Every structure is written in C-alpha cells, then in structure tokens.
Amino acid sequence: MPFRTFLKAPQFKASPPVSRTLWGDAWRRFRRDRMAMFGAIVILLIAIAVSIGPTIYSTPFDTIDFAKSTMDPSWQHPFGTNDLGQDQLARVLAGGRISLAVGVSAMLVAITLGTTIGAVAGFFGGITDTLLMRLTDLFLALPQL
C-alpha cells in the first residue's frame, strides 16, 4: 500500500439533515421514560375500560337488591356487591366515567385560565402584570391556608 493512500482521509457521504420538531423531541423523550410509558398505558386502559365497559357489562349500577347484599366476587359479580346489593364493577365503570370527565374538565379550565392570565400579563406588563401575578399567588396559596 503506497504511503499517500495510507494518509488519505476516509471519505464519508453526508447524510441528509433530520428535521426535528418540538413535538417529536418530546415524544422521543417520553418514550424513553419507562414509568411515563407505564402510566400512559394504565390511563389508556382505564379510559378504554370506562368508555367501552358499560356497553359490554350491562348490569345496572343503581339497582338495589338486598338479597344479593355483600356477595363475594363471582362470575356473575366480578367485584362482588355492596351492602345494598349493587354490583361493584358496574359502579366502578360508571364512576370512572364521571372521574375522568371531572379530571379532563378541570385540566381544560386550568389551561384556559392560566394561558389567558399569562398572555394578558405578558402583553400589558407593568402594573397589570403585577396585579395578575399577585392574584395568581393568592389562588395558589389559598388551598394551603
């Protein structure tokens, strides 16, 4: 092998630039976190169960039958019954819908109010910013009082 060939730098082809987005980067980071993925799967399963479950498991959740009071779990009542004879699985599925609706509604209200207050404070600045931030501090401190 000639000496000149040995000193020659290897030639690499440049790969085309990868277009990266903020959402793509966030998704890649989210996928790498095992606990985040586990939590997302659990929430997804709960959402699927409470949205599809009542159509598949059609036992009424509000029917009272004292003859079936405090039954142990069985094929007829997988979670058992309470002291009024109501099916616990049907009640969990119905209550899950309400809980998810309340959680999503609270999140949407918080996002809307927070974005609006932050945008107004950032746009006007000065005394408006100070007043809105002190109002926000007051609402953040109230639950602790």
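The values are calculated or read from the model by the stated rules, or taken from the named source; none is laboratory data. Because the structure is a prediction, the values reported are computed rather than measured. Every residue, glycine as well, gets a Cβ built from its backbone with ideal geometry; the counts of neighbours run over all protein chains shown.
Table for the structure above
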{"quantity": "Looking only at region 61-103, and only at residues there that are among the acidic types (Asp, Glu) and surrounded by 12 or more Cβ atoms within 10 Å (Cβ to Cβ), the one that is modelled with the highest pLDDT", "calculated": "Asp87"}
{"quantity": "Complete set of residues in region 43-60 that are of a type outside the set (Gly, Ala, Ser) and in a helix (DSSP H, G or I)", "calculated": "Ile43, Leu44, Leu45, Ile46, Ile48, Val50, Ile52, Pro54, Thr55, Ile56"}
